[in-house]
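See structure below.
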């Protein structure tokens, strides 16, 4: 085991065993703060101490930032790891890996600070997984990052093996917008549906028309998704209730497309409900920005990744449809997100957000080394 891995792995295991969610990552932040202070960083707590910024001030003209998300998911862990979480939450999206990699990079930055031509800020950010509006925009609103010239981040994935990474130029992750509708009918006895307005009927038509809109949009833009993920109505087999509830997501890669989806989904819901004598209340929730990798940051990251991983580096053809609030940092400066493979040689595939998600700890030092190469090349 390398010295760097010796440093990273115990950190990762401690964080994995003690996951916190949302904006409640206070103990995680204190743990990270202690490590960074020992490494000699200046610390700025943010969001009431749920997150932090760590500064390596070298008196240089430019500053670049590296970001790690901190929050876990409210998910019971089903792995057999000896350091598995027992508190009902789980780092099933690999943020424990992100934090430990960035702390590994923090160690390397200090060891190589005489070679750096740039100041460094490390961002440890809560609430990437929700709740809206997410942690990134809240940190941006502090103004503490306004002078950063470029932002970099990793996301681990089991779609790639240990020793591999993937990077997508331009659109990389979708805007994960959400929608919800309530169809108001008129309740009655199920034996006499003519005496009421069954909200389930217009709800099913609305869902079918959302599917048709999705098929139409895909012909123009294959990277758009409309999904109904929830429908609920009724309490018994012989009761027609007043209301039916539907919820889902609409994923796309531009503000124009998001506005189009908002307008059309809303119109479909309201007009369809009216056809059946019902009424629809529909809300389209704008979530995180689409994540667009900027060319300047993308080129810098890809060169560093080729140096560290060689043939393990690859360009990705398609964006991911998941959302990532790292996208918001682009409001300040160019950004680049890289997918780092963490699936071991004999490891079964479990996707992100699975209660059985695993990551290969041998992969983590690659992330730290790539961050160092990016900083040295800036």
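No lab work stands behind these numbers, since they all come straight from the coordinates. Here the structure is a predicted model, which is why all the values come from computation and not from measurement. FYI the Cβ positions are ideal-geometry reconstructions off the backbone, even for glycines, and counts take in every protein chain you see.
Descriptive notes on the structure:
- Each DSSP beta bridge with both residues in the chain is either parallel or antiparallel, and the antiparallel ones are about 65%.
- Folded to 0 to 90 degrees: helix 255-275 orientation relative to the chain principal axis, Cα: 20 degrees
- Each peptide in 146-154, 210-218 receives the mean, over its residues, of other Cβ atoms within 10 Å, and ordering these scores from highest gives 146-154, 210-218.
- Mean Cα-pair separation over length for the range 175-285, i.e. relative contact order, pairs under 8 Å, 6 or more apart, %: 43 percent
- Relative contact order [Cα under 8 Å, 6+ residues apart], the chain, whole percent: 24 percent
- Zero-based 5 Å bins, Cα pair distances in the range 219-267, whole percents: 5, 16, 21, 18, 12, 9, 8, 7, 3, 0
- Principal axes of the chain: Cα extent on each, largest first, Å: 80, 43, 41
- Enclosed volume per residue, in Å³, of the convex hull spanned by Cα atoms of the range 267-378: 174 Å³
- Per-peptide average of other Cβ atoms within 10 Å, ordering 47-58, 104-115, 124-135 highest first: 124-135, 47-58, 104-115
- Crossing angle, helix 95-111 versus the chain [Cα axis fit, 0-90 degrees, rounded to tens]: 20 degrees
- Alpha-carbon centroid distance for the pair the range 34-96 / the range 247-268, whole angstrom: 33 Å
- In this structure, residue 354 and residue 315 have a Cβ-Cβ separation that, at R0 = 22 Å, corresponds to a calculated FRET efficiency of about 0.25.
- Full extension of the chain between residue 58 and residue 113 gives 19.0 nm of extra length, using 0.36 nm per residue less the Cα-Cα distance.
- Pairwise alpha-carbon distances in the range 76-173 exceed 15 Å for 75% of all pairs.
- When the alpha carbon coordinates of the range 175-285 are projected onto the principal axes, the ranges are 47, 23, 20 Å, largest first.
- Between helix 3-17 and the chain there is an angle of about 30 degrees, using the helix long axis and the longest principal axis of the Cα atoms.
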